[in-house]
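Structure first, then comments.
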Amino acid sequence: MPDTVSPYLRFDNVSLGRGARTVFDGFSASLGERRVGLIGNNGSGKSTLLRLAAGLLLPDAGEVFVEGLETKTHRGELPGNVGFLFQNPDHQILFPTVGEEIAFGLTEKGMTDAEANAAARELLAANGCEGWEKRAVHELSEGQRQLVCLLSVIAPEPSVLLLDEPFSSLDLPTRLDLSDRLRALPQAVVMASHDFEFLSAFDRLLWLDDGRVREDGRPATVIAAYEASIRGLKTARRA
Ligand SMILES: Nc1ncnc2c1ncn2[C@@H]1O[C@H](COP(=O)(O)OP(=O)(O)OP(=O)(O)O)[C@@H](O)[C@H]1O
Ligand SMILES: [Mg+2]
């Protein structure tokens, strides 16, 4: 894909092994579009790529840049610039109550406790969760926890949002609400998802296959190529 926009995220010849596996071996990509989707089979590397972008994993070789900051040398500055939503909400949640979970990122950005608590209350109310701030996170359902995590990532308004399958546990009304909210956000969003309907409105999709970019371009083209490949594999298996 041509570099028509300045990148907020750049992977430069990145290699990363996890356990005995090489997940990325000389991976390069430059992302500058406002909405970028990552698709691909289970285990293809979507979550690992997002974790590299968030500075939660560091490359064994090569470099990752977020808004020009190299993740190894600027790890401490990344949280203000990137928000990362974990695929599993239980890996994300740090605090016992919903209000504390959402307020934390806001106090990190310089709000007082009172300001952060008020902002958390407002954000919850604006998303159909009025009065949730005192609720115990462990008493929420999985979908409710995913929603709280998403709100806590959005709240401090980082310039890049990295979302790992944000809709996987949400019911239809919540998903539609959240889809609308995400569409309206001014920030850059890089999202791993299997929700092709939502991704079809994105600017660009990358299809990851075993740690490599198999297709990169407009959603309609990339989704068609991915689906054709899956159908081809199924036919080959039947033959
Ligand atoms: N903690 C880990 N230790 C060892 N290997 C890991 C670990 N996490 C992921 N991997 C390996 O890295 C590869 C990429 O995994 P990743 O989680 O990035 O895939 P994914 O595309 O997000 O898959 P999914 O659609 O299932 O979420 C897989 O081969 C996986 O086995
Ligand atoms: Mg994943």
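The values are calculated or read from the model by the stated rules, or taken from the named source; none is laboratory data. The model shown is predicted, which means the values in this text are computed figures rather than measured ones. Backbone-built Cβ (ideal geometry, glycine too); neighbour counts: all protein chains shown. Heads up: the accessible areas ignore ligands, DNA and RNA and are worked out on the full protein's heavy atoms, side chains in. Shrake-Rupley method; radii C 1.70, N 1.55, O 1.52, S 1.80 Å.
Counted over all Cα-Cα pairs of the chain, pairs farther apart than 32 Å make up 22 percent.
Taking a point 7 Å from the Cα of residue 141 along the Cα-to-Cβ direction, the residues of the range 170-212 with backbone N closer than 12 Å to it are 170-175. Counting pairs of Cα atoms in the range 91-158, how many percent are more than 16 Å apart? Beyond 16 Å sits 35 percent of the P(r) for the range 91-158. Extension gain for residue 201 to residue 6 (0.36 nm times residue separation, less C-alpha to C-alpha distance): 68.1 nm.
Restricting attention to the chain, lysine pairs at least eight places apart or on different chains and with alpha-carbon atoms under 27 angstrom apart total 4.
Could you let me know the centre-to-centre spacing of the range 30-60 and the range 166-219, using Cα atoms, in angstrom? After rounding, the separation between the Cα centres reads 12 Å.
Per residue, the solvent-accessible area of the range 91-158 (1.4 Å probe, heavy atoms of protein chains only, all protein chains present) comes to 51 Å².
Working note: 222 nm ellipticity from helices only, DSSP H runs with n ≥ 4, each -39,500 (n - 2.57), summed and divided by the residues of the chain, gives -11000 deg cm²/dmol to the nearest 500. Here the range 1-141 is treated as a Stokes sphere of Kirkwood radius computed over C-alpha pairs; at 37 °C and 0.692 mPa s its diffusion coefficient rounds to 190 µm²/s.
Summarising the strand pairing of the range 136-239, around 50 percent of its internal DSSP beta bridges are antiparallel. Here the accessible area is traced with a 1.4 Å probe on the protein chains. For the chain, carbon and sulfur cover 49 percent of it. Using a probe of 1.4 Å on the protein chains alone, the accessible area found for residue 91 is around 110 Å². With every protein chain in place and a 1.4 angstrom probe, the accessible-area ranking of 168, 193, largest first, reads 168, 193. Applying a DSSP loop filter and a limit of 16 other Cβ atoms within 10 Å to the GluC sites (Glu not before Pro) in the range 56-144 leaves 130.
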